[in-house]
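Read through the structure below, which is laid out as structure tokens, and then see the notes.
The values are calculated or read from the model by the stated rules, or taken from the named source; none is laboratory data. This one's a predicted model, so the numbers in the text were calculated from it and none came from an experiment. No Cβ is skipped: glycine too gets one built from the backbone with ideal geometry, and neighbour counts run over all protein chains shown.
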Amino acid sequence: MTRHDERLAAGPSSGERGGAVDAGILRDQLADLSKGVFISMPIGTVLAALILAVQLLSGGGLAAVAWFAAIALVNGARVVLALAQSGAADERLEAVGARLSLYGLLALASGVAWSFLALLSDGYTTAQAPLYLIVLAGTSAGSVTYCTSHAPASINFITLPLLTAAACVLAQGGVENDVLGFTILLFLGGMIRSALLGQSRFRKTSRLKYEAREFAAEMERNSRRDPLTGLLNRSGLEQAIAGLGVSDGPFVAMLVDLDGFKSVNDT
């Protein structure tokens, strides 16, 4: 009875509350990232398939097929990871952090695969290069949109393909290519900034949610104990007794009457 009452009255410490909030934020990030995968991966695979079709119609061969196979393989791995997350029971902080890191590594692998689009288009010099650049820009923007909760996943994906595209365009020379290359770099900077801002806002919203829950729980705990002594009041005592099982008894409740204590308590 005594240990039960002490746990009920004390509640979690500030350090425990802060750790619980941080853990909850990471879990929210992982859950949101997993949901986004089921939308972004099919779209990305379809866009890659369209590029493959254009390549084959333009005389592309085994290299284009291998490029598409690599992208489909990485996208499939990300979907499998999301499916495993939806049925996972392990919510330890270390496990959540490991899954987020794995998402980041798979996003980097996907970005490496998309970078080889430059080889398929001879450094973005073929007639189909403008189409490829448009698809690449759309894929990058979609990655930032569906990975709002975890910036590293989108940044790892978009950085290498866009840097490669900018380098290829700038290497061709000419005012038009210089402007286009600068535009790609500007687009990359904007996407990175958007990813970081999106993650910051997501984490802030998630933190407010968990802090509100902690505040409500603290208010409930305070309603069950005396603010001066920290002892359980009548409501807290009744709840403590109601929570006891058959094996927890017997117990004794003691009533103490202190003369004149009301004036002390009121002040």
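In the range 104-124, the qualifying residues are those that are in contact with a Cys (Cβ under 8 Å, 6 or more places away or on another chain) and over 21 Å from residue 144 (Cα atoms), and the one that is surrounded by the most Cβ atoms within 10 Å (Cβ to Cβ) is 124.
When the residues of the range 208-234 are narrowed to those that are in contact (Cβ under 8 Å) with a residue 40 or more places away in the chain and over 27 Å from residue 28 (Cβ atoms), which ends up nearest to the chain's Cα centre (by Cα)? Within the range 208-234, the match that is nearest to the chain's Cα centre (by Cα) is 224.
Only residues that are of a type outside the set (A, V, I, L, M) and surrounded by 21 or more Cβ atoms within 10 Å (Cβ to Cβ): list them for the range 149-175, please. Before you say what the answer is, go through the steps one by one.
Initial filter on the range 149-175 (of a type outside the set (A, V, I, L, M)): 149-150, 152, 154, 156-157, 159, 161, 164, 168, 172-174.
Selection gives 149, 150, 154, 156, 157, 161, 164, 168.
Do the conditions hold for residue 181, that is, is it assigned to a helix (DSSP H, G or I) and more than 25 Å from residue 42 (Cα to Cα)? Considered against the rule, which asks whether it is assigned to a helix (DSSP H, G or I) and more than 25 Å from residue 42 (Cα to Cα), residue 181 comes out as yes.
Right, residue 253: farther than 30 Å from residue 25 by Cα, exposed (fewer than 10 other Cβ atoms within 10 Å of the Cβ) and modelled with pLDDT under 75 or not? Here the answer is yes, as residue 253 does meet what is asked.
Between 183, 205, which is within 15 Å of the chain's Cα centre (by Cα) and surrounded by fewer than 16 Cβ atoms within 10 Å (Cβ to Cβ)? First the steps, then the outcome.
Numbers: 183 fails: within 15 Å of the chain's Cα centre (by Cα).
After ruling out the rest, the residue left standing is 205.
Please tell me if residue 133 is buried (at least 18 other Cβ atoms within 10 Å of the Cβ) and not in a loop (DSSP other than H, G, I, E, B). First the steps, then the outcome.
Numbers: buried (at least 18 other Cβ atoms within 10 Å of the Cβ): yes; not in a loop (DSSP other than H, G, I, E, B): yes.
In short, yes.
Any residue at all in the range 73-92 that's touching a residue at least 60 places away in the same chain (Cβ under 8 Å) and surrounded by fewer than 20 Cβ atoms within 10 Å (Cβ to Cβ)? Outline the logic, then answer.
Residues of the range 73-92 touching a residue at least 60 places away in the same chain (Cβ under 8 Å): 91.
From the residues that got through so far, the ones that are surrounded by fewer than 20 Cβ atoms within 10 Å (Cβ to Cβ) too are 91.
Looking through the range 73-92, at least one residue is touching a residue at least 60 places away in the same chain (Cβ under 8 Å) and surrounded by fewer than 20 Cβ atoms within 10 Å (Cβ to Cβ).
Put simply, of 198, 189 the only residue that is closer than 21 Å to residue 25 by Cα, in a helix (DSSP H, G or I) and of a type outside the set (A, V, I, L, M, F, W, C) is 198.
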